[in-house]
Amino acid sequence: MNGQRVKVTIPATTANLGPGFDALGMAFQLYSFVEMEISDHTTVEMMGKELQGTPTDKNNLLYKVAAGLFQEAGLAIPELAIRASSDAPLTRGLGSSAAAIVGALVAANHLAGEPFTREQLFEKATRLEGHPDNAGASMFGGIIVATMPEVPGDPIPYVRFSAPAGLQTLVVIPDFMLSTEKARNVLPQVYSKEDVVYNVGHSSLLVAALAQGRLDLMGRAMSDRLHQPYRAKLVPGLNEILDKATEHGALGAALSGAGPTILCFFSSDEELEKLRAFVDRVMKGHDISYRVMILQPDENGVQVEIHQR
């Protein structure tokens, strides 16, 4: 176990894609990095502005997740030297907590001698994260369709497939944070049968369209009635972008996870040009400062490098 430094690269992710609430996720080529090794004493180094303000002691999520893995493997919890950085912004709906959990689990599993399979690590990540969409996309890459098992502790049923060729994403990141808890608290406890049936149909169509590369169906398939209408009051500009993006070059649009990041999918430079101008008008109309990224799907999931000391 000693003498190894593990470096893990984890993709950022998006969840829901509109109607696939807590069931559908996709990985992006935007990465977080976790380095971990067994040491004489625990140190936690958070690199870069995205991770400023996170704990740098044993209260850090990375350490707690790693310690839990050693414990579950029946091993003594070692002192760990941890270093992390992220190109993905935190609390913006791009799977930062899932990436941290997956990164810590995979790194610690290697240091522990790999007592758990990748599937078991996915189950642990889902248990810690609460739902399988971000965790699955971080772990396996591509597009993940998953649901929680009916019996706690059973394997998580999921399907992974590659994103359609040519699919790109204009990622609109407003300059404010939105906690998942706050975004969940605005959702109703009860839905009408009509809204549930609506989402079942649209999420089913979306999965089929993505699996078969039917980009022409994405705009209609991505409509949602379970979470986006309720979260719109927390994200200025969201309603306009969801309603009108397809008229301005988008294949489809969605709130990324719990938000506030908004996704606009496209497949050509011509579409992108129209989209950027449209998004800029909407965000400026609400006096919201923001930045954009253009992201491609990640097909690899979490990647591991082992360095011998």
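The values are calculated or read from the model by the stated rules, or taken from the named source; none is laboratory data. If you're wondering where the values come from, they're calculated on a predicted model, not measured in any experiment. Note: ideal-geometry Cβ built from the backbone for every residue, glycine included; neighbour counts use all protein chains shown. Just the protein is used for accessible areas: all its heavy atoms, side chains included, with ligands, DNA and RNA removed. Shrake-Rupley method; radii C 1.70, N 1.55, O 1.52, S 1.80 Å.
So which strands (runs of 3 or more DSSP E) are wholly in segment 21-116 and hold at least 1 residues that are open to solvent by 20 Å² or more (accessible area, probe 1.4 Å), free of Cβ contacts under 8 Å to residues at least 40 places away in the same chain and out of contact with any His (no Cβ under 9 Å at 6 or more places or on another chain)?
Counting at least 1 such residues, we get 43-47.
Could you go through segment 280-293 and let me know if any residue there is assigned to a loop (DSSP other than H, G, I, E, B) and either under 26 Å from Ala99 (Cβ atoms) or in contact with a helix residue (DSSP H, G or I) (Cβ under 7 Å, 6 or more places away or on another chain) (or both).
yes
Take the conditions open to solvent by 20 Å² or more (accessible area, probe 1.4 Å), modelled with pLDDT under 95 and not in a loop (DSSP other than H, G, I, E, B) and apply them to Arg184. Does it pass?
yes
Would segment 56-65 turn up any residue that is modelled with pLDDT under 95, more than 29 Å from Gly142 (Cα to Cα) and touching a strand residue (DSSP E or B) at 6+ places or on another chain (Cβ under 7 Å)?
Checked segment 56-65: at least one residue is modelled with pLDDT under 95, more than 29 Å from Gly142 (Cα to Cα) and touching a strand residue (DSSP E or B) at 6+ places or on another chain (Cβ under 7 Å).
Taking Ala211 as meeting all but one of (1) out of contact with any helix residue (DSSP H, G or I) (no Cβ under 6 Å at 6 or more places or on another chain); (2) among the hydrophobic types (A, V, I, L, M, F, W, C); (3) within 22 Å of Ser267 (Cβ to Cβ); (4) free of Cβ contacts under 8 Å to residues at least 40 places away in the same chain, write down the number of the exception.
Failed condition: (4).
Restricting the first residue to segment 280-309 and requiring it to be within 23 Å of Gly136 (Cα to Cα) and open to solvent by 50 Å² or more (accessible area, probe 1.4 Å), which pairs with a second residue that is assigned to a strand (DSSP E or B) and at pLDDT below 95 meet a Cβ separation below 7 Å and a spacing of at least six or different chains?
As it stands, the answer is Ile306/Gln4, since those pairs meet every condition given.
Among the numbered criteria (1) over 20 Å from the mean Cα position of the chain (by Cα); (2) open to solvent by less than 30 Å² (accessible area, probe 1.4 Å), which one does Ala135 miss?
So the condition that Ala135 fails would be (1).
In the set Leu205, Leu234, which member is in contact (Cβ under 8 Å) with a residue 40 or more places away in the chain and aliphatic (A, V, I, L, M)?
The match here is Leu234.
Restricting attention to segment 230-251, does a residue exist that is closer than 14 Å to Pro19 by Cα and open to solvent by 50 Å² or more (accessible area, probe 1.4 Å)?
Among the residues of segment 230-251, at least one is closer than 14 Å to Pro19 by Cα and open to solvent by 50 Å² or more (accessible area, probe 1.4 Å), which makes the answer yes.
Tell me yes or no: at least one residue of segment 153-162 is among the basic types (Lys, Arg) and part of a strand (DSSP E or B).
For segment 153-162, residues among the basic types (Lys, Arg) and part of a strand (DSSP E or B): present.
Within the set of pairs 6 or more residues apart or between chains, which connect a residue that is of a type in the set (D, E, K, R) inside segment 175-195 to a residue that is surrounded by fewer than 14 Cβ atoms within 10 Å (Cβ to Cβ) with Cβ atoms less than 8 Å apart?
Correct list of pairs: Asp175/Ser289; Asp175/Arg291.
So Ser268 passes all but one of these: (1) at pLDDT 95 or above; (2) within 22 Å of Met26 (Cβ to Cβ); (3) open to solvent by 10 Å² or more (accessible area, probe 1.4 Å). Which condition number does it fail?
(1)
Can you tell me which residue in segment 117-132 is surrounded by the most Cβ atoms within 10 Å (Cβ to Cβ), limited to those that are among the aliphatic types (A, V, I, L, M) and in contact (Cβ under 8 Å) with a residue 24 or more places away in the chain?
For segment 117-132, the residue satisfying everything is Ala125.
Would you confirm whether or not segment 148-164 contains a residue that is open to solvent by 40 Å² or more (accessible area, probe 1.4 Å), of a type in the set (A, V, I, L, M, F, W, C) and more than 18 Å from the chain's Cα centre (by Cα)?
Checked segment 148-164: at least one residue is open to solvent by 40 Å² or more (accessible area, probe 1.4 Å), of a type in the set (A, V, I, L, M, F, W, C) and more than 18 Å from the chain's Cα centre (by Cα).
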